[in-house]
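Here the structure is laid out as structure tokens; the discussion comes afterwards.
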């Protein structure tokens, strides 16, 4: 049988802070404060709290655990990483899009199509970018209306074999 999970017992200051949060503007914070109050003071179980606050049981469990571990700070949304959000200026984005539109064979590679990983490796190896995540690359290509798998060069033999197969003719 799984162990029952409750928020730890609140001290007077924590209870007052949670009650202040309940009358605030931020709906997400109000919801988290209610979860902790119900779990700690009312001794409601996580599956009972979930429908009351309109969240999945896993989310309610997450906020109770975060409160138990980090206290009031655990109820705050996670901070974004510091630093600039847009690392790639329009000129660099255009260069990445142009590279993705170029068949890999024309760049001296032994492949016929790009994958996100192969394009990423090419950009880093050729010092076009210092680093780039697969997701950032995917977003840049999506914004540039590029499919990174459109350049497929086939030999004449492969094309002939495919046509024969499609027409039901035996190979020679």
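For region 120-131, give me each residue that is more than 13 Å from residue 108 (Cα to Cα) and either touching a helix residue (DSSP H, G or I) at 6+ places or on another chain (Cβ under 9 Å) or not assigned by TED's automatic domain parsing to the domain that holds residue 96 (or both). Scanning region 120-131 gives 120, 123, 128, 129, 130, 131. From the list 134, 66, 101, the one residue that fits, being surrounded by 13 or more Cβ atoms within 10 Å (Cβ to Cβ), out of contact with any strand residue (DSSP E or B) (no Cβ under 6 Å at 6 or more places or on another chain) and not assigned by TED's automatic domain parsing to the domain that holds residue 22, is 101.
Table: residues versus (1) under 30 Å from residue 29 (Cβ atoms); (2) touching a strand residue (DSSP E or B) at 6+ places or on another chain (Cβ under 8 Å); (3) assigned to a helix (DSSP H, G or I); (4) modelled with pLDDT under 75.
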position: 71; (1), (2), (3), (4): yes, no, yes, no
position: 81; (1), (2), (3), (4): yes, no, no, yes
position: 85; (1), (2), (3), (4): yes, no, no, yes
position: 91; (1), (2), (3), (4): no, no, yes, no
position: 141; (1), (2), (3), (4): no, no, yes, no
position: 153; (1), (2), (3), (4): no, no, no, yes
position: 162; (1), (2), (3), (4): no, no, yes, yes
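Scanning region 1-45 for residues that are part of a loop (DSSP other than H, G, I, E, B) and either modelled with pLDDT of 90 or more or closer than 16 Å to residue 71 by Cα (or both) returns 5, 6, 7, 8, 9, 10, 11, 41.
The values are calculated or read from the model by the stated rules, or taken from the named source; none is laboratory data. Please read these numbers as outputs of a predicted model, since none were measured by experiment. Reconstructed Cβ throughout: ideal geometry from the backbone, glycine too, with neighbour counts over all protein chains shown.
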